[in-house]
Amino acid sequence: MPIKLPEGLNTALNNADNVLVLTGAGMSAESGVPTFRDAQTGLWEKLRPEDLATPEAFQRNPKMVWDWYEERRSNIHKVVPHAGHFALVEMERHFEHFLLATQNVDSLHQQAGSKQVVELHGNIMLSICSETGKPIDDEWITTSTDTPPKSPHHPLGLARPGVVWFGEGLPADFLRRATAAARDCDICFSIGTSTLVQPAASLPFVALDSGAIVVEINPVPTALSTQAQFSLQATAAEALPLIAAALT
Ligand code: APR
């Protein structure tokens, strides 16, 4: 059944001028990007996140980790943003202050046209040096015959994906901006995230504690659902176009 926005949400939307949006894997899943857990199929079925997405895993078996990310990269090349991504672009144009903090690493928000984006968990298309963290040129990567390519920046370095692994810190400046936005916003949207993986998961709770209205969009209830003022049990591509259409 098509969803309808609650009346109070229309009012809140039109009284707001400062908005924070947090997105997670569910946002990209609707474009066809498997969530982290769903990506562990086929060859990767028997591996846990700790076997693939930690600095220790990369140290133990850099080729296996690199190959897993290569497969994820090639899946991401095949997908495009959905109606929910485009609705967020309209929302960014509408509100005076707007920040989109994403846990997704696939650039689908930027591909849709979002500009005010902070990538809390990095970007999978970027390669960085395992020793220095410096970005490595695409050309260097594509012309290398090693798997993973050696880093041009350090004699012991290897190229690794520019994503934040379990046990690693988030980009400090991005986290600071997102936390400040959580404190200052009038409305915080939490979309397609289980609100389990810290520290990003705390952002909607910081917004709640700071007096903001929190709107969750997720077909499945989460730890946030009972606390958010509005919990829309719908997918991102269903709910976000309705929200963009309600802006006056
Ligand atoms: N629209 C909205 N929500 C959806 C949709 C959809 N179309 N499809 C799935 N969801 C919801 C699921 O119900 C789930 O609550 O998206 C959520 C995805 O949760 P997780 O897989 O835990 O993803 P996320 O919260 O982004 O996890 C954070 O952990 O997996 C690692 O590094 C990865 O960035 C990720 C981080």
Checklist outcome for this item: In whole Hz, the Karplus estimates of ³J(HN,Hα) for region 83-92 (6.51, -1.76, 1.60; θ = phi - 60°; x where Gly or Pro) are 4, x, 4, 5, 5, 5, 5, 4, 5, 4
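Normalised by the residues of the chain, what does the relative contact order come to in percent, with Cα pairs under 8 Å and at least six apart? Numbers along the way, then the final one.
On the way: 441 pairs, mean separation 63.7, N = 248.
Relative contact order comes out at 26 percent.
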Next on the checklist: Which residue fluctuates most in the GNM of the chain (Cα springs below 10 Å): 132, 35, 143?
Outcome noted: 143
Checklist entry - For the chain, modelled as a GNM with alpha-carbon contacts under 10 angstrom, which of 118, 197, 80 fluctuates the most? => result 197
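Around residue 186, what is the net charge, scoring Lys/Arg as +1 and Asp/Glu as -1 over all other residues with Cβ under 12 Å from its Cβ? Could you put the intermediate results ahead of the total?
Working: positive: 183; negative: 17, 96, 184.
Combined, the nearby Lys, Arg, Asp and Glu give -2.
Taking only C-alpha pairs under 8 Å that are 6+ residues apart, what is the relative contact order of region 2-113 in percent? Before the final figure, lay out the partial values.
Numbers: 88 pairs, mean separation 46.6, N = 112.
Computed value for region 2-113: 42 percent relative contact order.
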Checklist outcome for this item: Neighbours of residue 98 by Cβ distance under 13 Å: Lys/Arg at +1, Asp/Glu at -1, summed charge -3
Checklist outcome for this item: Across 176, 73, 160, the residue with the highest GNM fluctuation in the chain (Cα network, 10 Å cutoff) is 176
Checklist entry - Considering amide H positions built from the backbone, and no H for Pro or chain starts, which residues 5 or more places from residue 98, or on another chain, come under 5 Å of its amide H? => result 19
Checklist entry - By accessible area of protein heavy atoms, probe 1.4 Å, what ranking do 97, 85 get, highest first? => result 97, 85
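Using a simple charge model, +1 on the beta-carbon of Lys and Arg, -1 on the beta-carbon of Asp and Glu, nothing else, what dipole does the chain show about its Cα centre, in debye to the nearest 20? Write out the running numbers ahead of the final one.
Working: 17 positive and 28 negative charges, 49 e Å.
The dipole magnitude comes to about 240 debye.
As a test of the formula, what do you get for the chain when each DSSP H run with n ≥ 4 contributes -39,500 (n - 2.57) and the sum is divided by the residue count, at 222 nm and rounded to the nearest 500 deg cm²/dmol?
Working: 11 runs with 93 residues, N = 248.
Estimated from H runs of four or more residues: -10500 deg cm²/dmol.
Add +1 for every Lys or Arg and -1 for every Asp or Glu among the other residues with Cβ under 12 Å from the Cβ of residue 246, and state the total. Don't jump to the answer; show the numbers that get you there.
Details: positive: 4; negative: 7, 90.
Here the charged neighbours net out to -1.
For the chain, give the percent of accessible area contributed by carbon and sulfur heavy atoms, probe 1.4 Å, rounded to a whole number.
On the chain, the fraction of accessible area on carbon and sulfur atoms equals 53 percent.
Return one quarter of the surface area of the convex hull spanned by the alpha-carbon atoms of the chain, equal to its mean projected area, in nm². All intermediate terms of the calculation are to be shown ahead of the outcome.
Working: hull surface 54.7 nm².
Computed as one quarter of the Cα hull surface, the answer is 13.7 nm².
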Checklist entry - Any idea which of 94, 76, 22 is furthest toward the positive side of the dipole for region 7-100, if Lys and Arg beta-carbons carry +1 and Asp and Glu beta-carbons -1? => result 76
Checklist entry - Counting only the backbone N, which residues of region 127-171 are under 20 Å from the spot 7 Å out from the Cα of residue 198 toward its beta-carbon? => result 164-171
Item to check | Candidate lysines for bridging to residue 115, where Cα separation is under 23 Å - those fewer than 8 sequence places away on the same chain excluded | outcome: 78
Checklist entry - Extension gain residue 96-residue 59, at 0.36 nm per residue separation less the Cα-Cα distance, in nm? => result 8.8 nm
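When only Cα pairs under 8 Å and 6 or more residues apart are kept, what is the percent relative contact order across region 109-248? All intermediate terms of the calculation are to be shown ahead of the outcome.
Details: 195 pairs, mean separation 23.3, N = 140.
Averaging sequence separation for qualifying contacts and normalising by length gives 17 percent for region 109-248.
The values are calculated or read from the model by the stated rules, or taken from the named source; none is laboratory data. As the structure is a computational prediction, the values presented were derived from the model and not from experiment. When we count neighbours, we look across all protein chains shown, and the Cβ atoms used for this are built from the backbone with ideal geometry, even at glycine. Accessible surface areas use protein heavy atoms only, side chains included; no ligands, DNA or RNA. Shrake-Rupley method; radii C 1.70, N 1.55, O 1.52, S 1.80 Å.
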